[in-house]
Amino acid sequence: MADGKLLIVGAGLSGLFAGILAARADLDVTIVARGQGNLMLGTGTIDVHGYQGKARLEVPALGALDDDHPYHKLSDYALREAIELLREICRRRGNPMIGNLEKNLLLPTALGTSRPTTLAPISMVAGSLRDESPLWIARLNGFRDFFPQLMHNRLPQNIHIVDLALTAKEFRRDAYTTDLARMLDNFHKREQITNAWRKSILDYRKKTGEAVTRLGLPAILGLENPRVVLADVEDALECHVFEIPTLPPSVPGMRLYNLLRAEFLTLGGQLVLGPSVKGKISKYQRGSAVMKTANKTEKAIEADAILLASGGFGHHGLVANVDGSVTESVFDLPVDYLTDRHAWTAESYLDAHPYAKFGLRTNAQMQPINQNNKLQADNIWACGSILAGADRLSEGSREGISLSTAFTAVENIIQALS
Amino acid sequence: MRKQFTEVLVIGGGATGLSAARDAVMRGFKTLLLEKGDLAHGTSGRYHGLLHSGGRYVVSDPHSARDCIAENRILRKIIPSAIENTDGWFVTTPEDDPAYADTFLAACKAQGVPAEELNVDVLLNKERLLNQRISRTIRVPDAACDSFDATHILAHDIKARGAKVLLRHEVIGLEIRRQKVCGVNVRNLLTDEEFLIETSMVLNCSGAWAGNIAAMAGGFLKVTPGKGTMIAMNTRLVNTVVNRCKLPHDGDILVPVGTVSVIGTTDIPVESPDQYPIEDWEVEFLLNEGEALIPGFKKFRALRAWAGVRPLYDPTAGGKTESRDLTRSHAVIDHQARDGVGGLLTMVGGKFTTMRLMAQDLVDEACKQLRTKRPCTTAETPAEAPGTKHYYLAQRLNRWEQSHAQHTALTDPIICECELVPESKVRAGIEASQSKILNDLRRDTRLGMGPCQGGFCAYRANGIACGMLAQTPEDAHTTLAQFLQERWKGQRNLLWDHNLRQLELDQNIYRNLLGLDHTVDTADIELYPTEKTA
Amino acid sequence: MTVIDISSLETTLSSDQCIKCNICTASCPVAAVTDKFPGPKAVGPQMQRLRQPSAPSYDKSVDFCNGCGVCSLVCPHGVQIAEMNAVARAVQMDRDGVPLRNKMLGRPEPLGKIGTLTAPFSNLPLALPPLRWAMEKTIGIHRKAPFPSFTGKRFRKWFKSHAPENLIGRRKVVYFHGCSTNYYEPRVGKAVVKVLEHFGCKVSIAEQNCCGLPMQSNGEFDAARELAKSNIAKLMPYIRENYVIVGSSTSCTLALKHDYQNILGLQGRDVEMIAKNTFDIFEFLDDLFTEQTLNPQFRRIKDAVFYHPPCQQRSHFMGQPATKILRRIPGLSFEVSTADCCGVAGTYGLKAEKYQISRDIGETLFAQIDRHSPSRVLCDSETCRWWIEGHTDVESIHPIELIADALPR
C-alpha cells in the first residue's frame, strides 16, 4: 500500500471517484474544488460510448475512436473495473445502477429521442426503449422544466400524456426539480402527492379505457432514498415508473454526487469546497499548489502527488482567453488547441464543435506532456474532462472517460508513491 | 389571385415604416403595412438604443442635431414607455483632446441642445467603473430607447387606429400601369400564397433594402448599407449614456439599454444588406475602445455581438466613400421626378431618433402627390400603449416581487429567468402573433436575450408554443433548433471565458439532456429566409 | 444612498460569471425548506441585473436569504451570491428603514454590556415565557429562539488578571475574542489563551468592538462600517508590530477577512492588511504546527463527539483545520457533520417569521446528531452552538475547549 498525500483538484465525477480510489488505497487525500462539479448538471447516467458520428451504438465501439482518444491510453481492464466499482458503491449506498458494457441501454430524452448509455439508475430503466410497449408520460401542470408534448409521437413506441398535479399543496414559486425531489423524500408529502397522482391515473383510465403500464416522470424521484420513493410511487400508481432527465439541476446527478461524497468522506478524505487552486512547477519538475482563501491569501497544500480533475471549459479546468489562447488554469500546462478561433466551432449550433477536443495531452500514465511528448512534472496527473482528444457530447462518452481515466491515474499515482 | 385595396401602402416594418403608417392612418388614409420579416426585423432591431439628444451631431452635422433634439422631446411624449430617461454625458478621456469640449459646448448652444458642464465628480461618483482620469463631463438629454418596445407600441397603435399590418409578407413586384405604381404583388412567406394589393401610393420605407424596391420600378437607387457592429455587455456597466467628447467616431458610445449596456459602433460600407459577417477585428476594436471609457472593459462579459445596416443614401452614387461621411439626414425620393414612375416615394437615410419627422416629411409629400391637404398630428398624439410613464429597469423585478409577496400560490411561472419573462407574456405573445418563429417572441418579450441566451427558456417557450399552436413535435423541434441557431450567430464571435462556459452548459442541455441534435438534421435547419441575415 | 454606493463592485459584478446552472439553487438550505425564498440564483445574480440604483425596486424576497454562504461555496464560477444578497438586503432596509428588532439583534455589544452588569438578573426575562411571548408580538423575536446566558465576569476582565504562561513567546498574537466570548462564553476565550500560550505564543487582546457582522446581516451597512473602521484602527498598530490577529469565532474572523471588503465595500491598504493577517484559531494552529514542524502531543480523551463546521467556517475557504488537529487527540472519536447549515445563521432564526424555516433547515443536522448520540457537539460559531443546544439537548462547545482540555498537564 502506498503512503503519501494526494491533492485532487475538482469535485466532479472524476475527482470524487479518484478520491475514493486513492483513499481506499490509504492515501491521505484532499479534494479542493471551486465548487460542485458537472454531476449536478448531467443526466445521472454513465455514458461510455453512445454515438459514432450520428449513429447510435448498440455497444460501445472504442476501437472506432481516434488514436489520440483518452480511451486508447488505458489498460484493457481500467474501464471495466471502474464501472464495476462504481456500480458496487452505488448499490451499497442505495442508488443501484443498471446496465453493462456489453450492450447500451436506450432511454428516452425529454424531447423523445433515444439516448444510449451504459449505466442508468434503477429509477430510469422502466423507460427502456428496447421495450416496444407504449409509454405514458406525466405532464406536471405548472412545472416549467418538462414538456412531454415535445416528445409525443417522436418514438416508435406510442406515447400518451397523463396530466398530474404538480404537488399536493400550492407552491408559491417556481419549483425546481430538486424542490419536487425533496417533497417526495418527505414521507407525509410523498403520501399526499402519490394519492393525488393515483386519483389522476384512475381518472385517466376511466376516461380513456387505457391501463397505464409504465409512466415516465421528469427526474424528481427523491434525493435521499430514491429506491424507497420509486417503490412507493410505483405501489401507489400500480405501474412501472421511470425518470426522464430534464433541465438542471439534475436530481439523478445530485444523488451520485451525494453518495460519492459520502463514500469519500467515510474513507477519511477531506473535501474543501470554495477555493481555487494555483500551482507552480519547480525546475526539478515538481508541482506544488496553494489554495486561495477567502481573504485572498494563499495557503500551501501539502501534496506528494497532484491530480487535476478540474474539468474542461465548463468548469475552469481550461480557460479560453479573450486573445484566443487557451490556458490550463492551475499550472498553465501546455494545452492542445487550435489557434484560429474560427475553427473552434461549427457553423451549426447543434453540430460537433472542434473545441470540444481541446485539452491536456498525457502519456499512458495520465501525466501531462507537451507537444513533443515531454513530461511536464513528475508528480502531476490528470483525468476527466480536462483531457484532450474526446468530444464527449458527440460521442456520448463523458462519464466513461471520467471514471476510467481517474482509475488509471490513481493506479499510477499509487505506484509512483509506493 | 385574391385582391385587396389600400390607399397608402407602406413597405417596411421598422421604425420608419411604422412611423409612416402611423402618420398616414392618423391623416385618415386607409393604410396597410408590409414587412417581409417581423417588426423591427432589420436595422431598427439592431440598433444601439440611443435616443439622441443631438449632442453627437452638433459639430459635424448641425442640421441633424436640431432635428434630433426636437424629436427627442416629442418621442418622450408619444412613446414614453419605450424610453428610459437615462441622461447622457460627453466625457473627455485621457485619449481625447480636452479643447474639443469647448467647441462642443459652443455648438450645443448654437443648435439649442441643452448641455451643461459639471464637476467631474458628479458623474464619477455615480458611475464608479468609468475611467477616473476623465477630465471633463458635459450632461445632455440623451436617453435609451428599446427599439423592440418602440416598434411594438407603434404597431399596436396603428392597428388600433385601423391600419393593417402584414408580417412575413414580401414584395415580389410592383404593378405599374401608365407610368404609375397602382399595386404591389406580395408573397406570404409562411404559406407561399401570392396576391395583389392595389393602392394609390406606395411608401418605400425598407431602409437598406430600399434599392430593391426602387429597382422594381425601374429606378436605380444607390443605398449604401453601412454595417455597424455593436456588442452588448452582460450588465449595465453604466446607468447613463456615455459618449466620448470628440468628433463622432467608431466605438465611442456606451448605452445602457434594459439589462445590458451596448458599446457601438463600427461603420463599414458593405455590398449587401443581407450578408455582412462580423469581423474579429471589429470585436477587438470595440473592446479596446471600451477600455478608454471603462478600464478593464475586456474583463467584463461580452454577451452578444451583432450588426445592423444603416441605409445611407448616396446621391452621387459611384465614387468611393467612407460610410460615416455620407449624409445622415434623410431625404424623400420622388420616383415620378427621378425615374418617371408615379405613386412611389422612397425614404432614404435618417436615423431612429428622427423616425417621426421622416414619416411626416414622407406623408406630406404623399399628400401633395395625392392632391389632398391633411395636417400631420403625430407629434401631439401619444401612441396607445400600456404604459404612460418612462421605462425603468426595475419594473419587471417589481412586478415579480409584488406578485410573489401577494400570492400564496404560483400564478405565473417565469419562463425566461434572465430577463424575467413570465408565462403570461409568452402566451400573450404567441397568441397575438400566432407565429411559430420563437425569434418573433424574443423581439416581443426579450425572451432568450439574457446571459444564458436561451439555454433554459428556449425549451420552455417551445413547449408552450407547441401546445398553443398545435405543432407536431417534429415541427416544434425545428422551431427550437432555428431559435438556437439564431442565438448562436451572436455568440460565435465572443467565445472566450464566460461565454464558452455558458456554451458548455447550453450544449449539455440541448445535445446531452434533450438530444435535440438527434431529432433534427442540422444540415436541414432551413432558417426562414429573412432570419438568415447576420 | 444607492446600490452602487454601498456595495463592493467586485461582488455585484461577479454576476457576470453566472451561467444560470442552478447548482446554488439545488444546494441552498433555505430554498430546500421554504417556498418563501425563490433561491439564491433568482434573488442573486438573476435579479442583480435588474436592480437599478436610480429606481430602487420592491425587492423583498432577498430578506429570506439567511446568509449562510453555501451558494457562494458550491458555485463553480465564483459568483459571490450570498454577498450580493447581503448588499441587496441592505439597500432594501436602507430605503424602508431597519426594524427595531433588527437593530437590537444587530447590537450584541451594548446589550452585552448591560446584560453582564446585571447578570444573573438580566437572564431572567429571556427565561420567562410571558415576556418572550410579548417580545414576539411586539418586536418579532420568536418566543422559542434560544438565547445564551449573560456571564457575570467578562472575558476581558479575566484576561487582565490572568498571569501569562508565556511572556516571551515566539509568535505575537492579538486575540479577537468577539462579543460572545466577552459577555456570554468567557470559557472559550480562556481556552484560546491557554492553547496559544501553550504553543509558545505571546497573546495580547486589543481594544476592540463588535465585528459588525450582526449589523451587516441585519441591513445596517453604515453602522456596520463604522464598527469595521473602528476595529481596523484599533488593530492596525498590532499589525505594524508584526502581530497576527487570531479569532475563535469564525463569523467574526470572516468579517475581518472577507466581509469588510467584499460586502461592506471598504477599500484601502489597512483593511487589506487586516484581512490578510487574520486567522481562525485552528487555521493558525495548523499553520504553526506545519511551519515549525511541531508534533504536539495531547492527553488521551476517551470521548465520542460530533463536529459541525458552521457555514461561516466553510466560507473561509480553508478546509477544516480543526478536524486535522482533533485527529491528534488519542482516544477521541468524532464524526463530522455533512449538514450544510444548522439553520440559525446568526440572528436569522431568532426572528419570528423565520424561526420555523431555521428549525426545518436544522433538522438534517439534528437528525445526524441524534443518530450519533455524541457526548458533545463541537462547533466554531457561538450562535450555532446555542441553536444546536436549544434543539438537541446536547451540550455544544467550541472545539478549542476540547483542545485546551487535551493539553498535557
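The values are calculated or read from the model by the stated rules, or taken from the named source; none is laboratory data. Remember, it's a predicted structure, so these values are computed and weren't measured experimentally. Note that each Cβ is placed from the backbone with ideal geometry, even for glycine, and that neighbours are counted across all protein chains shown. We work out accessible area using only protein heavy atoms, side chains counted, and drop any ligands, DNA or RNA first. Shrake-Rupley method; radii C 1.70, N 1.55, O 1.52, S 1.80 Å.
Annotations for the structure displayed:
- Computed from phi, the 3J(HN,Hα) profile of the stretch B:510-516 under the Karplus parametrisation 6.51, -1.76, 1.60 (θ = phi - 60°) reads 7, 9, 9, 5, 9, x, 4 Hz, with x in place of Gly and Pro.
- 12 Å beta-carbon shell around B:Thr93, net charge (K/R +1, D/E -1): -2
- For chain B, a simple Cβ point-charge model (Lys and Arg +1, Asp and Glu -1, everything else neutral) yields a dipole of about 1360 debye relative to the Cα centre.
- For chain C, built as a Gaussian network whose Cα springs stay under 10 Å, the top-fluctuating residue of C:Met84, C:Met135, C:Met215: C:Met135
- Positive-end extreme of charge dipole, the protein assembly as shown - chosen from A:Leu237, B:Cys416, C:Phe155 (charges on Cβ): C:Phe155
- Considering chain A at the alpha-carbon level, its Rg and Dmax are found to be 22.4, 77 Å.
- Solvent-accessible area of C:Glu272, all protein chains in place: 90 Å² (probe radius 1.4 Å, heavy atoms, ligands and nucleic acids excluded).
- With contacts taken as Cα pairs under 8 Å and at least 6 residues apart, chain C reaches a relative contact order of 17 percent.
- Which of B:Thr266, B:Leu50, B:Gly342, positive extreme of dipole for chain B (C-beta unit charges): B:Gly342
- The overall shape of chain C is rounded: from the C-alpha gyration tensor, with semi-axes ordered a ≥ b ≥ c, the ratio a/c is less than 1.5.
- Taking A:Tyr204, A:Tyr337, A:Tyr355 as the candidate residues, the one with maximal mean-square fluctuation in a Gaussian network model of chain A, Cα springs under 10 Å, is A:Tyr204.
- Largest-first ordering by accessible area, 1.4 Å probe, given options C:His398, A:His72, A:His240: A:His240, A:His72, C:His398
- For B:Trp306, net neighbour charge (Lys/Arg +1, Asp/Glu -1) across residues whose Cβ lies under 10 Å away: +3
- If you sort the three axes of the alpha carbon gyration tensor as a ≥ b ≥ c, you get a/c of 1.5 or more for the stretch C:3-96 and a/b no higher than b/c, which makes it oblate.
- Between the stretch C:205-259 and the stretch A:239-298, the alpha-carbon center distance in angstrom: 31
- Accessible carbon and sulfur surface of the protein assembly as shown relative to its total accessible area, %, 1.4 Å: 50
- Between A and B, buried accessible area from a 1.4 angstrom probe totals roughly 5300 Å², ignoring ligands, DNA and RNA.
- Environment charge of C:Thr116, counting only residues whose C-beta is closer than 13 Å and scoring Lys/Arg +1, Asp/Glu -1: +3
- In chain C, the longest principal axis of the Cα atoms and the axis of helix C:186-198 are about 50 degrees apart.
- Measuring between their Cα centroids, the stretch B:192-224 and the stretch B:370-436 lie 32 Å from each other.
- Listed by chain and number, the aspartates and glutamates whose alpha-carbon sits under 15 Å from that of C:Lys229, ignoring those within fewer than 8 places in the same chain, are C:Glu207, C:Glu220, C:Asp259, C:Asp270, C:Glu272.
- Between the residues A:Met40, A:Leu16, A:Gly50, the greatest Cα displacement towards the positive end of the dipole of the stretch A:1-110, with unit charges on the Cβ of Lys, Arg, Asp and Glu, is found for A:Met40.
- Based on Cα contacts under 8 Å between residues 6+ apart, the stretch C:3-96 shows a relative contact order of 38 percent.
- Loss of accessible area when A meets C, both sides summed, Å² nearest 100, probe 1.4 Å: 3000
- Top of A:Leu360, A:Leu350, A:Leu260 by mean-square fluctuation, Gaussian network on chain A, Cα under 10 Å: A:Leu350
- Computed over the stretch C:183-310, Cα set: Rg, Dmax in Å: 16.1, 49
- Chain B - Cys residues lacking any other Cys C-beta under 4.7 Å: B:Cys68, B:Cys108, B:Cys145, B:Cys182, B:Cys205, B:Cys245, B:Cys367, B:Cys376, B:Cys418, B:Cys452, B:Cys466
- Other-chain or far-sequence residues with amide H under 5 Å of A:Gly274's (modelled H): A:Ala33, A:Arg34, A:Gly35
- Gap separating the Cα centres of the stretch C:295-368 and the stretch B:263-283, nearest whole Å: 58
- A 1.4 Å probe run over chain B, with the rest of the protein chains in place, finds 34 Å² accessible per residue.
- When each of A:Lys189/C:Lys36; B:Lys389/B:Lys425; A:Lys5/A:Lys374; C:Lys103/C:Lys144; B:Lys298/B:Lys425; C:Lys36/C:Lys144 is checked by Cα-Cα distance, pairs over 29 Å: B:Lys298/B:Lys425
- Considering helices alone, the calculated mean residue ellipticity of the protein assembly as shown at 222 nm is -10500 deg cm²/dmol, with DSSP H runs of length four and up weighted by -39500 (n - 2.57) and normalised per residue.
- Amide hydrogen neighbours beyond the local backbone of C:Glu395, cut-off 5 Å, H modeled: C:Val377
- Summarising the strand pairing of chain A, around 45 percent of its internal DSSP beta bridges are antiparallel.
- Residue-normalised accessible area of chain A, expressed per residue, 1.4 Å probe, Å²: 36
- Shape category assigned to the stretch C:100-139 from the gyration tensor of Cα positions, a/c cut at 1.5: oblate
- Helix A:398-417 and the longest principal axis of the C-alpha atoms of chain A enclose an angle of approximately 40°.
- Computed over chain B: relative contact order in percent, which uses C-alpha pairs under 8 Å that are six or more apart: 18
- Charged-residue dipole, Cβ positions (Lys, Arg, Asp, Glu), the stretch C:155-290 about Cα centre, Debye nearest 20: 500
- Karplus-based coupling profile of the stretch B:69-77, in residue order and whole Hz: 5, 5, 6, 3, 5, 6, 4, 4, 7, with θ = phi - 60° in 6.51 cos²θ - 1.76 cosθ + 1.60 and x standing for Gly or Pro.
- Taking both sides together, the accessible area buried where B meets C is about 3000 Å² for a 1.4 Å probe.
- Taking θ as phi - 60° and the Karplus parameters 6.51, -1.76 and 1.60, the scalar couplings of the stretch B:333-339 work out to 9, 9, 6, 4, 5, 8, 10 Hz in sequence order, x denoting glycine and proline.
- Distant-in-sequence amide H partners of B:Ser206 (H built 1.01 Å from N, under 5 Å): B:Met347
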